[in-house]
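One structure is given below, encoded as structure tokens.
Derivation of every value follows stated rules applied to the coordinates shown; laboratory data play no part. Bear in mind that the values here come from a model prediction, so they are computed numbers and not experimental data. No Cβ is skipped: glycine too gets one built from the backbone with ideal geometry, and neighbour counts run over all protein chains shown.
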Amino acid sequence: MLREVLPALAAVVVMLCAVVAGLAVGYRVAGIAVPLGALAVLAVAASAAVRRHRPLARRRLGFYTPEEIAELDTQGLALAVSRMLRRDGWRVLPAPKGADRVRVRARDGRGQRLEVAFRPVAEPLPDEDAPSRAGRRGRSAPTLRLVVHRGAFSRRDVQWARRQGGVRLIDGSCLGRWAHGTPLDELRDFP
């Protein structure tokens, strides 16, 4: 391992020595303006790097803007929901093998299970029959289901969710609040 790291370490040391030597020569030739100019350039570069990577870091922590949510496809939305669930204290479980639809499954610290289905715009609700509950049934709490949709649900959708029991609908406005940082438990119509 040391053989692999040694050339990179040597290159970093040589570059740092070259920068210090350049600053020393610049200071002797032009005075204090050269080191101050170098500090100013370093400050601008660091500020630009932080601004460039801030949205990425924010999204990795599970915070999204409405514009970012609107641009996501179903796979991206599933990733965003997984990150938001982790932010809210849920443990996201691996996707089942051979699943034909995008789903996110999670469990919280109390053993409560959650399954998230995604509804693209202008399509019927997924799995309008009863949900399948795989795994150990006796020891865990019943599974809650979320149906996430960037648009608005129709009256028929709301009635279907009420009949199912344990199904919560997250429409575009709830999804926006959740993505902005409101915990899932505080969204309306969620237990």
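Please state the shape class of the range 142-191: rounded when a/c is under 1.5, otherwise prolate if a/b exceeds b/c and oblate if not, all from the C-alpha gyration tensor.
oblate
Give, as a single signed number, the net charge of other residues whose beta carbon lies under 10 Å from the beta carbon of residue 63, with Lys and Arg counted +1 and Asp and Glu -1.
Computed value for this residue: +4.
Pulled fully out, how much extra length does the chain show between residue 30 and residue 52, if you take 0.36 nm times their separation in residues and subtract their Cα-Cα distance?
4.6 nm
What FRET efficiency, computed as 1/(1 + (r/R0)^6) with R0 = 41 Å and r the Cβ-Cβ distance, is obtained for residue 112 and residue 9, rounded to the nearest 0.05?
E between residue 112 and residue 9, to the nearest 0.05, is 0.25.
Work out the length of the dipole vector of the range 145-184 about its Cα centre, built from +1 on the beta-carbon of each Lys and Arg and -1 on the beta-carbon of each Asp and Glu, and round it to the nearest 20 debye. Don't skip to the end; give the middle numbers.
Numbers: 8 positive and 2 negative charges, 33 e Å.
Dipole about the Cα centre, nearest 20: 160 debye.
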